[in-house]
Amino acid sequence: MSIKAASTHQSESCARPKFLRAARPAATTAEGKLCASFRIEAIAGRVMAGNRELAWRRWLSIALRTLHIVGVVLAAIAFLGSGDHAAAGVVLMLLSGFALFAIDLWQRPGLWREVAGAFIFVKLLALAAMLVAPGIAALLFWLLLVTSSVVSHAPHDFRHRRILG
């Protein structure tokens, strides 16, 4: 959902509510008037239902990603080193990962059909393989770490390319 705001010409089709912030460069309206395009954002506790954005979503996501990294580190210690904290790392990684996936699915219901969403199922299969075949756990861990970094930092067009359904 987007709303238009005037950059050189103000009209009703280009009106910008005061609580919105600029998020995109200039564009034109159907009438051909030059306008700056704005993404609707939750500001000062306002929730825009059409955007499915909650004021606290970003901080919740940051907290969950931090817990997820802690889980990955604990699992790495277990799979690559002493074996201690394996259950705690895997449980923390799974719970935080499922919570992040649920938030992402709520915001973008078709995510599971895209590269980013489908890759989560690949990661779960690899994690199961690590638990079943500890002899290849170190290799799978590094493979997962590298591919997860590549997929999560890939361009938007790649991450959100529809590959299923």
Filter result for residue 96 (among the polar types (S, T, N, Q) and assigned to a helix (DSSP H, G or I)) | yes
For residue 126, which of the numbered conditions (1) assigned by TED's automatic domain parsing to the domain that holds residue 86; (2) touching a helix residue (DSSP H, G or I) at 6+ places or on another chain (Cβ under 9 Å); (3) loosely packed, with under 12 Cβ neighbours inside 10 Å fails to hold?
-> (3)
What's the number of the condition residue 136 fails, among (1) farther than 22 Å from residue 57 by Cβ; (2) surrounded by 15 or more Cβ atoms within 10 Å (Cβ to Cβ)?
-> (2)
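The values are calculated or read from the model by the stated rules, or taken from the named source; none is laboratory data. The shown structure was predicted, so the numbers you read here are calculated from the model rather than taken from an experiment. Methodologically, a virtual Cβ is constructed for each residue, glycine included, from the backbone with ideal geometry; neighbour enumeration extends over all protein chains shown.
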